[in-house]
Amino acid sequence: MAEQERLRPLVLPQGITARDVHLVAGVDVAYAKDESIVAGAVVVLDAHTRHIVDSASASRPVDFPYVPGLLAFRELPALLDALAALHTRPDAVACDGYGTAHPRRFGLACHLGVVTDLPTFGVAKTAFIGEYEQPGPQRGDRSQLTDHGETIGHVLRTRPGTRPVFVSTGHRIDLDTATQLTLALTADHRLPETTRHADRLSRQVLADRLGHG
DNA sequence: GCGACAG
DNA sequence: ATCTTGTCGC
């Protein structure tokens, strides 16, 4: 009995597959122009209808500078507060940034996943590390993002005529599943609906807080 | 040493 | 990220 309790945390977390995802959340943050306040937002969508099921937010003083590679220390506090205020438990979380495609293989998405034990993945808008060939022009076309011969992500075309996004694994999910989910969350725009909603909400929350003193 | 560098 | 005007296109 006591033995089981000690061993449980050592069991490898089970990874999910796309069919396990019914509720998918998106997270993002917005900063005041002077970088004094950060607002975090999380929006949960029905993975198939892409309708909003739940959402929450939080704002607080910024307490860590922007340092490439250390984004989690700057954004996680607000995101964790927002997630704690959620009334729903998402099956997966799409992050605005990188997961494994990180200098230390532990970007924001990995950090958030480990702390919350939620499956997570990252969808970044611009390159960070690694090398890649430009993916094909059609939606769904992808190329490998590699670093020292290791595949660390996918450069994915989510929409024709726009720049590709950079998908990487976060926690308890594999790259192909993360890529599948990213495509499932995009249709009319380059970025996933999850992050688009979270981005909008975080800006609104920030504006409200700034406006109300 | 110099440049690059998610958000 | 945020600042910042107009502009090209669906």
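The values are calculated or read from the model by the stated rules, or taken from the named source; none is laboratory data. Just so we're clear, the structure is a prediction, and the values are computed from it rather than from any experiment. Remember, those area values only see protein heavy atoms, side chains included, never the ligands or the DNA or RNA. Shrake-Rupley method; radii C 1.70, N 1.55, O 1.52, S 1.80 Å.
Worth a mention:
- Within the accessible surface of the range A:20-211, defined with a 1.4 Å probe on protein heavy atoms only, the carbon and sulfur portion equals 50 percent.
- Over the range A:1-123, the hull volume per residue, using the convex hull of the C-alpha atoms, is 135 Å³.
- Backbone HN-Hα couplings from phi across the range A:63-74 [Karplus 6.51/-1.76/1.60, Hz, Gly and Pro as x]: 10, 8, x, 7, 9, x, x, 10, 4, 4, 5, 8
- The fraction of Cα-Cα pairs per 10 angstrom bin, counted from 0 for the range A:87-213, comes to 14, 43, 31, 11, 2, 0 percent, rounded to whole percents.
- Ranking by accessible area, most exposed first, for A:H102, A:H51 with a 1.4 Å probe: A:H51, A:H102
- Accessible surface, per residue, of the range A:20-211 when the full set of protein chains is kept, probe 1.4 Å, Å²: 45 Å²
- Using alpha carbons only: equivalent-ellipsoid semi-axes of chain A, gyration tensor based, whole Å: 25, 23, 18
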